[in-house]
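A.B. asks: Let me begin by handing over the structure; questions about it come next.
The values are calculated or read from the model by the stated rules, or taken from the named source; none is laboratory data. These numbers come from a predicted model, not from an experiment. Using ideal geometry, Cβ is built from the backbone for each residue, glycine included, and neighbour counts are taken over all protein chains shown.
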Amino acid sequence: MFRDFGQRMRVYRNQSNVTLMELVYKLGVSKSYLSKLENGKTTTIKLTNLQLLHDELNLFPNIPNEWRHDNISLRLLRANQQLHSIYKQQPHLVESILTNLEQNIQLQLDNE
């Protein structure tokens, strides 16, 4: 997933005529970090930086506007993408994670 993210980021950056150094200054991160992100060599990104990247490059045009500044929605979207990626290799693991999540949500709702 993050390799695809980095590739998308580079394509959108180039289409927007934004240099890597311009993003370095806007995000307050190192050039090597952004390069690693574009090349899929790191999977760590702060949500605030993800939001700044989106604002600059429109990386997620299909995300509803009301989600764009909603931390939980962005986290759920990212978790969804990660689960889909894991599912290809380990479907049983994803089933276990989702079962656990659903059970915990129901338990919380039952206790309210």
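A.B. asks: Say we look at segment 55-69 and pick out the residues that are farther than 14 Å from GLN7 by Cα and surrounded by 15 or more Cβ atoms within 10 Å (Cβ to Cβ); which of these is modelled with the lowest pLDDT?
C.D. replies: The residue in question is ILE63.
A.B. asks: A follow-up question, please. So, in segment 21-40, how many residues would count as being over 15 Å from GLY6 (Cβ atoms) and either in contact (Cβ under 8 Å) with a residue 60 or more places away in the chain or basic (Lys, Arg) (or both)?
C.D. replies: Going through segment 21-40 one residue at a time, the tally reaches 1.
A.B. asks: Let me ask something additional. Within segment 13-48, which residues are buried (at least 17 other Cβ atoms within 10 Å of the Cβ) and at pLDDT below 85?
C.D. replies: ILE45
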